[in-house]
Amino acid sequence: MTQLHIESLGHGPDLVLLHGWAMHSGIWSGVQDQLAQQFRLHLVDLPGHGLSPMSEPGTLEHWVEIITEILPERCMLGGWSLGGQIAMELALREPRQVQKLILISTTPCFAKNEDWESGMERKLLQLFLENLKLNYATTINRFLTLQMSGDRGASKILSQLHKHFFQRDEPNPVALEKGLKILQQSDLRDRIAAIQQPVLLLHGENDVITHPAAADWMHEQLPQSRRVMFAHCGHAPFLSYPEQFVTCLNEFRIHA
């Protein structure tokens, strides 16, 4: 069993948050204190990210299995970007444990297909992987900049993103490669309508990594979903609008 790194704080109903590709749980530091006033907050480092060791084989299914072992008996589960795909799988697999689902800037299918225009070009995802092996720091800086594309506070928020990101060691290169393969290959579109939990969809209207149309599509497919679009916002609404983000989660806790 892989011993994932988890930081738990606060009091109240359990809320588990999963970060995105190449990141770590420190990315939530701008909202964690406010959330901890209303929730028992569990911030998880994905395998090979942050302070969690790498675990083979590194497939989406394997990561889901590992995280299932540390889920509280009853919880709200939130996932950002890649973490959102993991959260969807967990909601499908463990409907008794995952009582409510929060999908932040995520998509059922990251890569563009003939029947899915709301994804990233596959060549771009592959280019990230190839460049990571050549120059990690430069590639990560480009990736962080891309996340803030279209955000009116891009310069300030990018500075915060850099600060949070480089507080911990570099992610395991194998974990980065496995994570990118998940992004390239995973497609949950055929199964997403089976998610029966209440779902909160939070998305930036200018997100260039996970297109807003993906959130619109999920909203149509999910029987109990509420969608919130953040104006002039890129890929990280919890950094761009921390107070509004916290308010959305609190309201979802009470009213969903």
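The values are calculated or read from the model by the stated rules, or taken from the named source; none is laboratory data. Treat the numbers as computed from the prediction; the structure is a model and nothing was measured. Cβ atoms come from the backbone with ideal geometry, glycine included; neighbour counts cover every protein chain shown. Just so you know, the surface numbers come from the protein's heavy atoms only, side chains and all, with ligands and any DNA or RNA stripped out. Shrake-Rupley method; radii C 1.70, N 1.55, O 1.52, S 1.80 Å.
Accessible surface of Phe166, taken over heavy atoms with a 1.4 Å probe and every protein chain present, rounds to 100 Å².
Residues Glu251, Glu73, Glu121, sorted by accessible area with the largest first, give Glu73, Glu121, Glu251 [1.4 Å probe; ligands and nucleic acids excluded]. In plain terms, the C-alpha convex hull of the stretch 65-181 casts an average shadow of 8.9 nm² when viewed from every direction. The calculated Kirkwood hydrodynamic radius for the stretch 106-256 is 16.7 Å, given to one decimal from all distinct C-alpha pairs.
Relative contact order of the chain: 21 percent, from C-alpha pairs under 8 Å at least 6 residues apart in sequence.
Counting Lys and Arg as +1 and Asp and Glu as -1 over every other residue whose Cβ lies under 14 Å from the Cβ of Asn206, the net charge comes to -2. State the percent of C-alpha pairs, over all pairs in the chain, separated by a distance greater than 30 angstrom. Tail of P(r) above 30 Å: 17 percent of Cα pairs.
Both radii are taken from the alpha-carbon atoms of the stretch 161-205; with Rh as the Kirkwood radius, Rg/Rh is 1.11.
For Asp115, the solvent-accessible surface computed with a 1.4 Å probe is close to 110 Å², ligands and nucleic acids excluded.
Partners of Lys178 within straight-line reach, counting aspartates and glutamates whose Cα lies under 19 Å from its Cα and excluding those fewer than 8 residues away in the same chain: Asp45, Glu56, Glu61, Glu65, Glu89, Glu121, Glu130, Asp169, Glu170, Asp187.
Listed cross-link partners Lys100/Lys181; Lys133/Lys156; Lys112/Lys181; Lys133/Lys181 are compared with a 22 Å cut-off, the Cα-Cα value being larger for Lys100/Lys181; Lys133/Lys156. Ranking His24, His11 from most to least accessible surface, computed with a 1.4 Å probe over the protein chains only, gives His11, His24.
Pick out, from Ile209, Leu249, Pro237, the residue whose Cα sits farthest towards the positive end of the charge dipole of the stretch 202-256, with +1 on the Cβ of Lys and Arg and -1 on the Cβ of Asp and Glu. The Cα lying farthest towards the positive end belongs to Leu249.
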